[in-house]
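S.K.: Sending over a structure as structure tokens; questions will come in a sec.
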Amino acid sequence: MPGVPIGLRDLHYALLTNDEVDPTPAINYEVPERIIGAVQANINPNPSSESLFADDGPMETATTLGQITLELITADLPLDVQATLLGHDYDAANGILIRKAEDIAPWVAVGFRSLKSNGNYRYTWLTKGRFSVPELNHETKTDSINFQTPTINGSFVKREADDVYIFQGDENDTNFAPGTWFTAGVLETIRS
């Protein structure tokens, strides 16, 4: 039985340091880092489809990939991780995140795995995207608990070197070996 995704864990990000086409395709990432407390990851490729009508009916159809969005909800998003994902400064000696108006988020890859109802996992990497500054929402504590989990949104694109924007592996496939999934090597070697 193939199983249905029912979970989310092992959320990682890796800074993209090289995505070149000329003179030869070259892709490089820093070592992936884990973000503890993955709650939800919503990926929307926003496809666009159009049909050509001729002879009083649809004759041809074409689909194109739109802006790929990722909405991540985590239990917490530590300040040093926010600094890395959003291009901010982090004063580690004093534990202070410093945001400047001109900060530019770097290109990153985001990966995770999803438990399926059959006990196996499906693994995912989005290969190239940038995050935008999240909203900061806080509310007072009342007689019932209301967890204030942060949400961060990213826009993802295809890599220049090989046009890949996402790749996935599934433990149901006997040829899939997840052992090195959360390494820079897997990001750099999987190509179209």
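The values are calculated or read from the model by the stated rules, or taken from the named source; none is laboratory data. As the structure is a prediction and not an experimental result, all values here were calculated from the model. Methodologically, a virtual Cβ is constructed for each residue, glycine included, from the backbone with ideal geometry; neighbour enumeration extends over all protein chains shown.
S.K.: So Asp19 clears everything in (1) closer than 18 Å to Gly154 by Cβ; (2) surrounded by fewer than 17 Cβ atoms within 10 Å (Cβ to Cβ) except one condition, right? Which one?
M.R.: (2)
S.K.: Go over the candidates Leu70, Leu79, Leu97, Leu115 one by one and state the one that is among the aliphatic types (A, V, I, L, M) and closer than 24 Å to Asp163 by Cβ.
M.R.: On the way: Leu79 fails: closer than 24 Å to Asp163 by Cβ; Leu97 fails: closer than 24 Å to Asp163 by Cβ; Leu115 fails: closer than 24 Å to Asp163 by Cβ.
Step by step, each of Leu70, Leu79, Leu97, Leu115 is checked, and only Leu70 is among the aliphatic types (A, V, I, L, M) and closer than 24 Å to Asp163 by Cβ.
S.K.: Of the conditions (1) farther than 28 Å from Pro5 by Cβ; (2) touching a residue at least 12 places away in the same chain (Cβ under 8 Å); (3) in contact with a strand residue (DSSP E or B) (Cβ under 8 Å, 6 or more places away or on another chain), Tyr90 satisfies every one except a single condition; which number is it?
M.R.: (2)
S.K.: Just name the residue that is surrounded by the most Cβ atoms within 10 Å (Cβ to Cβ) out of those in region 27-59 that are at pLDDT 90 or above and more than 16 Å from the chain's Cα centre (by Cα).
M.R.: Within region 27-59, the subset at pLDDT 90 or above is 27-44.
Pick out the ones that are also more than 16 Å from the chain's Cα centre (by Cα) and you get 27-28.
On the way: Ile27: 23, Asn28: 15.
Checking each candidate, the answer is Ile27.
S.K.: For Thr151, are the conditions met, namely being surrounded by fewer than 19 Cβ atoms within 10 Å (Cβ to Cβ) and under 16 Å from Glu71 (Cβ atoms)?
M.R.: On the way: surrounded by fewer than 19 Cβ atoms within 10 Å (Cβ to Cβ): yes; under 16 Å from Glu71 (Cβ atoms): yes.
So Thr151 fits the description; yes.
S.K.: Further, regarding this structure: For residues that are within 30 Å of Gln82 (Cβ to Cβ) and acidic (Asp, Glu), scanning just region 13-26, find the one that is nearest to the chain's Cα centre (by Cα).
M.R.: Asp19
S.K.: Does region 67-88 hold any residues that are part of a loop (DSSP other than H, G, I, E, B) and either exposed (fewer than 12 other Cβ atoms within 10 Å of the Cβ) or out of contact with any Pro (no Cβ under 8 Å at 6 or more places or on another chain) (or both), and which are they?
M.R.: Those that are part of a loop (DSSP other than H, G, I, E, B) and either exposed (fewer than 12 other Cβ atoms within 10 Å of the Cβ) or out of contact with any Pro (no Cβ under 8 Å at 6 or more places or on another chain) (or both): Gln67, Ala75, Pro78, His88.
S.K.: Look through region 163-192, keep the residues that are exposed (fewer than 15 other Cβ atoms within 10 Å of the Cβ) and within 17 Å of Gly111 (Cβ to Cβ), and return whichever of them is modelled with the lowest pLDDT.
M.R.: Filtering region 163-192 for residues that are exposed (fewer than 15 other Cβ atoms within 10 Å of the Cβ) and within 17 Å of Gly111 (Cβ to Cβ), the one modelled with the lowest pLDDT comes out as Arg191.
S.K.: A further question follows. Can you tell me how many residues within region 99-115 are farther than 16 Å from Ala14 by Cβ, surrounded by 12 or more Cβ atoms within 10 Å (Cβ to Cβ) and out of contact with any Lys or Arg (no Cβ under 6 Å at 6 or more places or on another chain)? Step through it out loud before you land on a result.
M.R.: From region 99-115, those farther than 16 Å from Ala14 by Cβ are 99-104, 114-115; that's our starting set.
Add one more test, that the residue is surrounded by 12 or more Cβ atoms within 10 Å (Cβ to Cβ), and what stays is 99, 103, 114-115.
Subsequent filtering for residues that are out of contact with any Lys or Arg (no Cβ under 6 Å at 6 or more places or on another chain) retains 99, 103, 115.
Residues flagged as farther than 16 Å from Ala14 by Cβ, surrounded by 12 or more Cβ atoms within 10 Å (Cβ to Cβ) and out of contact with any Lys or Arg (no Cβ under 6 Å at 6 or more places or on another chain) within region 99-115 amount to 3.
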